[in-house]
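One structure is given here, and the rest of the page talks about it.
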Ligand code: SF4
């Protein structure tokens, strides 16, 4: 994107969007399990008219008060699955009434739609393992392309209405997106450059996208030869192990341990499945870290860059506020957590498997969805111990 005109009144999505197709019953972490699906008033009434579907919905609402948007919910069965799932793993709503009758929640996922007055962006959440698999399968998966016009039979979708995207912040967002996508620096150095650009823009007047790109290019040259003079694993272990263990971020629902089980690890190696200790997790990380230095299809910087960009696109609205830097740091922490857990659960035969990395990515994305307060405390701890966060935060990804 080289000029401002191109950024006005257009709709973008990542390239993987045109390839995405739900894999339904073949999905390793289906979105039809565990979640409450809210129904708006019209959808609730539509389902009520169908004798079979009517038995599978309720007027109960979880976590919010009843409104026309949250008018009812789909019931779950004893295994926590959506009661609309047929024994073959298909959706009864789609089968009986067609795709257009899907609830807005189901019709939207895994898309995340942002509507600014001067820009539309559709991103795809890593909470879906198929999206995550596509993200790490092709190098150009996160290139931004024009979003196709909605088809007639397309299901209804939620859209975040975000007002106008101020040109300063919009220029910053796209300059950073393009920089991270195309620069040959390792990801942690790109984060140093990105933090520096955000800090400059926060304190100054309007800067064009070209100006910002030039600034980032200059920073790239400066960082090209910069080396680490200590092992970043120390910072990673210090910040991430407590996040995983003490704050029960992932442990409470057994997630990394379930993945360890999938990998065929024994109780002897992991401890009780409910109760891995800090020491065991540290030992596992140290033992497995060497796998990342082995050549593999997925052991590439673009893989981690694509995962980062995928999350970056879902925080585009944070760039239209004063919280861009904090939002970026949350992403860094989330991705560091993903890499840490991926390493701990990695075995040589999983190293080339995009399905596996996609699954771990989806698990971590789901479990860290509402973690901003916890992440904020972790960043504060990091700052109080090491002072200069602009140098320390990017090292979580090194
Ligand atoms: S998580 Fe993704 S692939 Fe899996 S069932 Fe849901 S939309 Fe389909």
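For the stretch 378-390, state whether one or more residues are at pLDDT below 90, away from the ligand (no atom under 16 Å from the Cβ) and assigned to a loop (DSSP other than H, G, I, E, B).
Initial filter on the stretch 378-390 (at pLDDT below 90): 378-390.
If we keep only those that are away from the ligand (no atom under 16 Å from the Cβ) as well, we get 378-390.
If we keep only those that are assigned to a loop (DSSP other than H, G, I, E, B) too, we end up with 387-388.
Yes, the stretch 378-390 contains a residue that is at pLDDT below 90, away from the ligand (no atom under 16 Å from the Cβ) and assigned to a loop (DSSP other than H, G, I, E, B).
Where in the stretch 21-109 are there helices (runs of 4 or more DSSP H), lying wholly inside it, with at least 1 residues that are within 16 Å of the ligand (Cβ to nearest atom)?
Working: elements: 41-48, 51-54, 92-97, 104-108.
In the stretch 21-109, the matching helices (runs of 4 or more DSSP H) lie at 92-97, 104-108.
Could you go through the stretch 170-179 and let me know if any residue there is over 18 Å from residue 120 (Cα atoms), crowded, with 19+ Cβ neighbours inside 10 Å and touching a residue at least 12 places away in the same chain (Cβ under 8 Å). Steps first, please.
Of the residues in the stretch 170-179, the ones over 18 Å from residue 120 (Cα atoms) are 179.
Restricting the remaining residues to those that are crowded, with 19+ Cβ neighbours inside 10 Å gives 179.
Within this subset, residues satisfying the condition of being touching a residue at least 12 places away in the same chain (Cβ under 8 Å) are 179.
Looking for residues that are over 18 Å from residue 120 (Cα atoms), crowded, with 19+ Cβ neighbours inside 10 Å and touching a residue at least 12 places away in the same chain (Cβ under 8 Å), one finds at least one in the stretch 170-179, hence yes.
Is it fair to say residue 92 is more than 23 Å from the chain's Cα centre (by Cα) and in contact (Cβ under 8 Å) with a residue 60 or more places away in the chain?
Numbers: more than 23 Å from the chain's Cα centre (by Cα): yes; in contact (Cβ under 8 Å) with a residue 60 or more places away in the chain: no.
In short, no.
Looking only at the stretch 155-170, which residues are assigned to a loop (DSSP other than H, G, I, E, B) and under 25 Å from residue 366 (Cβ atoms)? Listed by number, the residues that qualify are 155, 156, 157, 158, 159, 162. I want to confirm something. Restricting to the stretch 349-376 and keeping residues that are free of Cβ contacts under 8 Å to residues at least 60 places away in the same chain and over 15 Å from the mean Cα position of the chain (by Cα), which single residue is surrounded by the fewest Cβ atoms within 10 Å (Cβ to Cβ)? Among them, the one singled out is 373. Evaluate the following for residue 57: is it surrounded by 14 or more Cβ atoms within 10 Å (Cβ to Cβ) and free of Cβ contacts under 8 Å to residues at least 24 places away in the same chain? Answer is yes for this residue.
Quick check on the stretch 173-184. Is at least one of its residues over 17 Å from residue 30 (Cβ atoms), within 16 Å of the ligand (Cβ to nearest atom), outside the structural domain of residue 46 (by TED's automatic domain parsing) and in contact with a helix residue (DSSP H, G or I) (Cβ under 7 Å, 6 or more places away or on another chain)?
Taking the stretch 173-184 as the starting set, the residues that turn out to be over 17 Å from residue 30 (Cβ atoms) are 173-184.
Going one step further and asking which of them are within 16 Å of the ligand (Cβ to nearest atom), we end up with none.
Within the stretch 173-184, none of the residues are over 17 Å from residue 30 (Cβ atoms), within 16 Å of the ligand (Cβ to nearest atom), outside the structural domain of residue 46 (by TED's automatic domain parsing) and in contact with a helix residue (DSSP H, G or I) (Cβ under 7 Å, 6 or more places away or on another chain).
Answer yes if at least one residue in the stretch 289-302 is part of a helix (DSSP H, G or I), modelled with pLDDT of 90 or more and in contact with a helix residue (DSSP H, G or I) (Cβ under 7 Å, 6 or more places away or on another chain), and no otherwise. Show your work before the answer.
Step one: list which residues in the stretch 289-302 are part of a helix (DSSP H, G or I), which gives 289-293, 301-302.
Checking which are modelled with pLDDT of 90 or more leaves us with 301-302.
Applying the additional criterion that residues be in contact with a helix residue (DSSP H, G or I) (Cβ under 7 Å, 6 or more places away or on another chain) yields 301.
Looking through the stretch 289-302, at least one residue is part of a helix (DSSP H, G or I), modelled with pLDDT of 90 or more and in contact with a helix residue (DSSP H, G or I) (Cβ under 7 Å, 6 or more places away or on another chain).
Note on the stretch 114-131: residues that are under 12 Å from the mean Cα position of the chain (by Cα) and assigned to a strand (DSSP E or B) total 2.
Of everything in the stretch 132-150 that is assigned to a loop (DSSP other than H, G, I, E, B) and under 15 Å from residue 13 (Cα atoms), the residue that is nearest to the ligand (Cβ to nearest atom) is 141.
Within the stretch 185-212, how many residues turn out to be assigned to a loop (DSSP other than H, G, I, E, B) and without any contact (Cβ under 8 Å) to a residue 60 or more places away in the chain? Spell out how you get there, then give the answer.
Start the filter on the stretch 185-212 by keeping residues that are assigned to a loop (DSSP other than H, G, I, E, B), which leaves 185-186, 203-208.
Those left that are additionally without any contact (Cβ under 8 Å) to a residue 60 or more places away in the chain: 185, 203-207.
Total meeting the criteria: 6.
Return the only residue of 245, 276, 255, 206 being surrounded by fewer than 17 Cβ atoms within 10 Å (Cβ to Cβ) and either modelled with pLDDT under 80 or out of contact with any helix residue (DSSP H, G or I) (no Cβ under 7 Å at 6 or more places or on another chain) (or both). Exactly one of 245, 276, 255, 206 is surrounded by fewer than 17 Cβ atoms within 10 Å (Cβ to Cβ) and either modelled with pLDDT under 80 or out of contact with any helix residue (DSSP H, G or I) (no Cβ under 7 Å at 6 or more places or on another chain) (or both), namely 206.
Look at residue 59 and say whether it is touching a strand residue (DSSP E or B) at 6+ places or on another chain (Cβ under 7 Å), more than 16 Å from residue 102 (Cα to Cα) and modelled with pLDDT of 85 or more. In short, yes.
The values are calculated or read from the model by the stated rules, or taken from the named source; none is laboratory data. Small disclaimer: the values here were computed from a predicted structure and weren't measured. Using ideal geometry, Cβ is built from the backbone for each residue, glycine included, and neighbour counts are taken over all protein chains shown.
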